Structures are given as structure tokens and as C-alpha cells.
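A.B. asks: Sharing a structure here in C-alpha cells format.
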Amino acid sequence: MHSTHIPKAPAYWSKAAIVPGIVAIGPMLPGTLAFGMAFGALCAQKSFSLAEVVVMMGTVYGGLSQFVAVQSWPSVLTPATIATLALLTLTVNIRFMLMSATLRPWFGTLPPWQAYPAMLLVTDGGWLAAMRYRDHGGADAMFYVGGGIVLYLVWLVAAIPGFLLAEQLTDPKKYGVDLVMPAFYAAMLVPAWKGPRRAIPWVVSGIVALVVHWLVAGWWFIIAGALSGAISAGFLDEPEPSGAAA
């Protein structure tokens, strides 16, 4: 297995990459729609209003962290419970800070007023598609932003039918909605595969997360899994490129 070293051009904007960017995230749209519908149904079961759901979908745009926050929503909001919800959201969304950092070599060549607003569109699937595009030498920032906007719009409207059909979705297993989230993240691992050696941190992270989930109540397994995976990856030495001198 050999690695390619394609020169990376500075970021720029053009309309030519909009359609390719949308096509790249196309396979993620059905899962995003089902994921959003499941969230809308959850909000209805927690007695949120439709207006509150739409505002949350439009302003938070946190995906999994929104599920965690709503599932943990207290009956009475106090400074302590608000702080707890904020900590849960930060815990789940901390990965977006790392994803944004990996985009810096690309978007860092743009003016800050263009680069930083684009980071608001970082999602798991959108980031993966953008990094694959960049690894193949792509530099048009509209590839990432165009796909990101479409994902955002689908997520924004997906909760509405889920909210309105909440009674039919009271049992997620009946329609397989409970499988959407694990299937989505499992599918993301396929294009990210770079050989058994690079998969070691995945295995370590998964095992640690499962053990902590069994032993400790709450959402600590997310932090434990992320930290253990990052630490184990840090101990892996990068192999020398093929053809390098001994």
C-alpha cells in the first residue's frame, strides 16, 4: 500500500464545485432525514412545541448532542441543570473542534471572515467528504460549503415530519429508526479505512467506550472513548513513505 503526495493548492471559491459537493454528500441525506425525524419525534414525546423544535434545529445544529440534551432535559430549568446540559453538549460536540483544526491547512488560506463562518457547517459526514476531496488535491471551498448547506437544510426540515408523526414513531424499533445512528457512523468508517494499523485507535476507543458505558452511568463513555482513541493514535509511529531511504 503506497501513499500519494498530491500538492495542495490554496483555498478559493467558485460555483463549479457546488454540484460535486452536493453529490458527494448525497448518500448521507437519507440517514440525515431519518435521524432528524427521530429527533423530532423525541422532542414531541418530551412536550416541546413545534416552534421550539424548529428554533433548536436552526440554531444549535448539533446532531447527536441535541439527542443527548433532549433525553436529559430536566422538568425544571435551574442554573445547575442548564450548566449540566451545557457540559453534555460540549462533551459530545468537542470532536468538532478537532475536525475544524484539520481543515485549517485548507481554509486557513482564506480571510478569517470567510473561513470561520464556514466552520459552523462542520458535520461528521460533511467533514469526511471534504477531507477526501482535499486529499485528492481539491481546493475549491464551495465543495465543502455547498454540501454543508444542503445537509443543514435537510436537517432543519427533517424534524418537522418526525414531530407531526410522533405517535407513529413512539416505538423506534418498529421502523428501524433506532438503527439510523449506529448505521450512519459505521458507514462513515468505510471510506475512512486506511489499513489495519490505522484502525487500532478505533478498536481501543470502542472497547474503552463500551466498558465505561457498562461501569459508569451517564455520558462519560463518550469522553473516555474519544480520549483513549486520541491517545492511542498518538503512540502510533507514522510509517516511512514507500521508497524512502533506509
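The values are calculated or read from the model by the stated rules, or taken from the named source; none is laboratory data. This is a predicted model, so every value here is computed, not measured. Cβ: placed from backbone, ideal geometry, glycine included. Neighbour counts: every protein chain shown. The accessibility values were calculated without ligands, DNA or RNA, using every heavy atom of the protein model including side chains. Shrake-Rupley method; radii C 1.70, N 1.55, O 1.52, S 1.80 Å.
A.B. asks: When the Karplus curve 6.51 cos²θ - 1.76 cosθ + 1.60 is applied with θ = phi - 60°, which whole-Hz ³J(HN,Hα) does each residue of segment 211-216 get, with x for Gly and Pro?
C.D. replies: 5, 5, 4, 6, 9, 10
A.B. asks: Enumerate the amide H contacts of Thr109 below 5 Å, restricted to partners 5 or more residues apart or on another chain; note that Pro and chain-start residues carry no placed amide H.
C.D. replies: Here Ala11 satisfy the definition.
A.B. asks: How much area per residue is accessible in segment 1-104 when the probe is 1.4 Å and only protein heavy atoms are counted (Å²)?
C.D. replies: Ligands and nucleic acids excluded, the result is 57 Å² per residue.
A.B. asks: Where does the charge balance sit around Val122 when Lys and Arg score +1, Asp and Glu -1, over other residues with C-beta under 14 Å from its C-beta?
C.D. replies: After counting each charged neighbour, the total is +2.
A.B. asks: Each residue of segment 42-48 in turn: what ³J(HN,Hα) in whole Hz from Karplus with 6.51, -1.76, 1.60 and θ = phi - 60°, glycine and Pro shown as x?
C.D. replies: Result, rounded to whole Hz: 4, 5, 5, 5, 8, 6, 6.
A.B. asks: Also, quick follow-up: Once you keep just the Cα pairs under 8 angstrom separated by 6 or more residues, what percentage relative contact order results for segment 49-148?
C.D. replies: The value is 21 percent.
A.B. asks: Now a separate question. Charges at C-beta only: +1 for Lys and Arg, -1 for Asp and Glu. How large is the resulting dipole of segment 1-153 about its Cα centre, in Debye rounded to 20?
C.D. replies: Computed charge dipole of segment 1-153: roughly 200 debye.
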